[in-house]
Amino acid sequence: MGHAVVARGLVKRYGALTAVDGIDLDIPIEVSFGILGPNGAGKTTTMRMLSAAIEPTAGSLEVLGHDINLTAEQRPLKRRIGVVPQGDTLDKDLTVRENLMAYARYHDLPWPLARQRADELLGFAQLEQRADARIDELSGGMQRRLLIARALVSDPELVILDEPTTGLDPQARHLVWERLRNLRRRGTTLVITTHYMDEAARLCDALVVMDRGRIIAAGTPTGLIRDHVPPRVTEIIGAGDLEDASRVVDGIAQRVEIIGDRVVAYGRDSQAISDAVRASSLDGVTLLERDATLEDVFLSLTGHVLVED
Amino acid sequence: MAAVATEPRSRNTFVDVVAWPRISVRSAWHMWERNFMRFRRGIFQYVLPNFLEPILYLLAIGLGLGLYVGTQILGVEYVAFLAPGLAASSAMYGAVFEVTWNSYFKMKVERNYDSVIATPLGAEEVALGELLWATTRSGIYGTAFTIVLVVLGHAESWLVVFSPLALPLIGMAMGVIGMSFTILAKQIEYLTYFFNLFVIPLFLFSGIFFPVSDLPGWARTLAWFTPLHHGVEMNRALVLTGDAGTAALHALWLVAFILLLLPIPMNLLRRFLRV
């Protein structure tokens, strides 16, 4: 199988700041690939390099078989990539349909095809009823779906999405995820940056975890969890003295972390952990047992959490 | 395997800014189409005021100020002298409003261009497309003014039929300067400087209200280097004196100005959007 993206030692520096610090990527075609990491990890910078918007400082990068070298002609490559940038970047002077039409023309589609594509994508984005609405009349979820539809006007082989559901309510997020899974079924390669571990787990066939400009782990969502953390987690919530609480499960759990106002105990034997808490003198604590997630993987690799409260 | 990108080469900044970039006019035209799409929906709100403004000017000056200006200029009454110059300034304003306030919002507030350059359009083509649209707006303003001017009987030469084609040159030339300024402006308040220190002085001293020959020598020389002065003289030759040669020379000056300076906003926008 071919690769949509191959990067070796990719670096992007802005003056003294190193945003991306030598990463390697191998993204096969027709997969949904995630770049998971906290804000400031270098995800957006990486995405902008993949979409030929900014020039790498060093390293090599090949996207859909094209060298990313800004002195060369980028037009043929850009026709084959759809970009969904972070935040609201829709054209607020134009209606919903005009946004799609304008971008279809930017991609040099003939007018009849542009009109046809706009109609199809209004359907894809479930916005047929809002075709002539102004952008500020749309909800956040509708705007995000339109942003994704806009990236699809040129029928791209690769779609790059930067934080596609940040700021959306749960229902709107599910609608966006459903649209993205629909795209993946059609064989479009997706590269998704996110700081939500549930998003990465639901949408991505494979992912890398980034922190401070570097890739710190790579694999499938389940593989990463299996390789890096015990499968079960017990959270001890509401303990008066967190150090006390952590000592209670120390030695029983495989690892114990204090995160904010909680003690998080990782271990295969969650029964033993809860028994130990109940037998202890800890008062008024609540126990929450759950499966380990990518959030836990991130925590175990970096010692800090993905999303700060 | 892909070629290895190295640290940015050291570049000659001046040459980078003034050299003609490689562009596709077809791509730039797609940017024009985006603006036309917006325009089409609000055609009355855009075009109607353009007819109103010159009527007000010409009425106020023709009926009011003109009475106090007893002398004839170039063998005609004052309002007829004034009208072609005001048409030129109208064409200028049509373009500079577009490339200052409107472009500033699209470029730096809404950040629309960042998404546009993810498509096959390059920054240079975005700049050129916006300038072509500003030129179109300048043509609409100038043509509206010319229609009013003809209807009120201030056209003395049949060459006035060329005014609607010639006036957009003023818009393009002023648009090139205005857009460069907008790209460099760090805050929207700086646009006021552009108007107060550049546009309004041009409006007052380019020969619209009195012949530039009345100015001291140094001011005449200064005026020669500005687009509006040539626009005013060009349009007055078309509307009033019917001197085709003079009109052509001033039009040529504007074309040369545009060809020489057009790469600047295109290159500056690329630099701005790469940051």
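The values are calculated or read from the model by the stated rules, or taken from the named source; none is laboratory data. From a predicted model like this one, the values you see are computed outputs, not experimental measurements. So basically every Cβ, Gly included, is an ideal-geometry build from the backbone, and we count neighbours across all protein chains shown. SASA here: full protein model, heavy atoms, side chains in, ligands and nucleic acids out. Shrake-Rupley method; radii C 1.70, N 1.55, O 1.52, S 1.80 Å.
Of note:
- Distance (nanometres) between label positions extended 7 Å along Cα→Cβ at A:Ala218 and A:Ala58: 1.9
- Cα centroid of the stretch A:54-101 to Cα centroid of the stretch A:116-154, whole Å: 19
- Calculated [θ] (222 nm, deg cm²/dmol) that DSSP helices of n ≥ 4 give over chain A, each run adding -39,500 (n - 2.57): -10000 deg cm²/dmol
- Under 23 Å from B:Lys186, Cα to Cα: lysines that are on another chain or at least 8 residues apart: A:Lys92, B:Lys106, B:Lys108
- A:Arg13-B:Thr246 FRET efficiency (beta carbon distance; Förster radius 56 Å; 0.05 resolution): 0.50
- DSSP bridge analysis restricted to chain A gives an antiparallel fraction near 65%, rounded to the nearest 5.
- A Förster radius of 45 Å, combined with the Cβ-Cβ distance separating B:Thr192 from A:Glu235, puts the computed FRET efficiency at roughly 0.20.
- Put the Cα centre of the stretch B:143-158 next to the Cα centre of the stretch A:215-236 and the gap is 78 Å.
- For A:Lys12, the lysines whose Cα comes closer than 17 Å to its Cα, not counting residues fewer than 8 places off in the same chain, are A:Lys43.
- Average accessible surface for the protein assembly as shown: 44 Å² per residue, computed with a 1.4 Å probe over protein heavy atoms with every protein chain in place.
- With the largest listed first and rounded to whole Å, the semi-axes of the equivalent ellipsoid of the protein assembly as shown from the Cα gyration tensor are 61, 24, 22.
- DSSP beta bridges fully contained in the protein assembly as shown are about 70 percent antiparallel.
- On the basis of the beta-carbon distance and an R0 of 25 Å, B:Val255 and B:Leu52 show a calculated FRET efficiency of 0.20.
- Exposure rank, largest accessible area first [B:Trp29, B:Trp158, B:Trp101; 1.4 Å]: B:Trp158, B:Trp29, B:Trp101
- Taking every full run of DSSP H in chain B, the ones that stretch at least 15 Å from end to end by Cα along their long axis and average -0.5 or higher on the Kyte-Doolittle scale are B:43-59, B:78-97, B:123-151, B:163-184, B:244-261, B:263-274.
- Nearest 10 degrees, 0 to 90: helix A:140-151 Cα axis against chain A principal axis: 50
- Cα gyration tensor category, rounded, prolate or oblate, for the stretch A:189-231 with a/c compared to 1.5: oblate
- Bridge type composition, the stretch A:127-281 - antiparallel percent by DSSP, nearest 5: 70
- Averaged over peptide A:54-62, the number of partner chain Cβ atoms lying within 10 Å of each residue's Cβ comes to 4.
- Qualifying trypsin sites (Lys or Arg not before Pro) in the stretch A:148-216, where qualification requires a DSSP coil assignment and no more than 12 other C-beta atoms within 10 Å, comprise A:Arg186.
- The residues packed around B:Leu240, meaning those with a beta-carbon under 14 Å from its beta-carbon, carry a net charge of -3 if Lys and Arg are +1 and Asp and Glu are -1.
- Three-way shape call for the stretch B:155-231 based on the alpha-carbon gyration tensor, with the a/c threshold at 1.5: oblate
- Alpha carbon centroid spacing (whole Å) that separates the stretch B:102-123 from the stretch A:21-41: 26
- Label separation (A:His174 vs B:Ala19): 5.7 nm, computed from points 7 Å beyond Cα along the C-beta direction.
- Crossing angle, helix A:170-185 versus chain A [Cα axis fit, 0-90 degrees, rounded to tens]: 60
- Placing dummy labels 7 Å off each Cα toward the beta-carbon, the span from B:Phe225 to A:Asp291 is 7.3 nm.
- The mean number of partner chain beta-carbon atoms within 10 angstrom of a residue's beta-carbon across peptide A:95-101 is 2.
- Taking all Cα pairs closer than 8 Å and separated by 6 or more residues, the relative contact order of chain B comes to 27 percent.
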